[in-house]
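Following: one structure in structure tokens, then a few remarks.
The values are calculated or read from the model by the stated rules, or taken from the named source; none is laboratory data. Treat the numbers as computed from the prediction; the structure is a model and nothing was measured. So basically every Cβ, Gly included, is an ideal-geometry build from the backbone, and we count neighbours across all protein chains shown. Accessible surface is based on the protein model in full, side chains and every heavy atom, while ligands, DNA and RNA are left aside. Shrake-Rupley method; radii C 1.70, N 1.55, O 1.52, S 1.80 Å.
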Amino acid sequence: MCLINSVGACNDVGMSTPGMPLQAALIPDCTEVEAHHAAYRRAKTDDAIFVCIARQRPRLMVELDAMSCSGPTIPDEALTALQSAAEALVLADTVTQANVSPDYISMRAIESEQRAREIAAAFHAALHNLRQLYIAVPTGRWRV
């Protein structure tokens, strides 16, 4: 298990709680299957959007899963912003593959752990905040 500041990344650091997306340094490293399962269980317990990084030799991947928590699926209008950001990362060769859906985001082949954590934290905050915006502003009032 990867340690972050001498703390077990998936066992001792909680996933986000409503209103508090994770900072980059707190994104769990879930390379090991057991760590992934523990972090996902923790996200479900905390009713939070699951987020992690994982090593895929020699690079890293980012994974977010909103099905770990209650709350609405973001509308297509909001999803466009996440897809656009993911496409920009692909075009910049920061990631080689990006999959973005209303409930699940993954990005592969990120060169450094620091960059993977930055991307994971940014998309975690964006997904969380877009869900909050959707709750406040019903989908019928969005313009594309």
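Computed over neighbours whose Cβ is under 11 Å from that of Ser101, the net charge equals -3, Lys and Arg +1, Asp and Glu -1.
In this structure, the amide hydrogen of Tyr104, modeled 1.01 Å from its nitrogen in the peptide plane, lies closer than 5 angstrom to those of Ala66, counting only residues at least 5 positions away or on a different chain. For segment 53-126, the carbon plus sulfur part of the accessible surface works out to 50%, probe radius 1.4 Å.
Considering all different alpha carbon pairs of segment 30-144, the Kirkwood hydrodynamic radius works out to 14.6 Å. Placing pseudo-labels 7 Å out from each Cα toward the beta carbon at Ser112 and Asn99 gives an inter-label distance of 2.8 nm.
Using the 1.4 Å probe convention, the accessible area of segment 75-144 works out to 55 Å² per residue with neighbouring protein chains retained. The overall shape of segment 33-100, judged from the alpha-carbon gyration tensor, is oblate: a/c is not under 1.5, and a/b is no greater than b/c.
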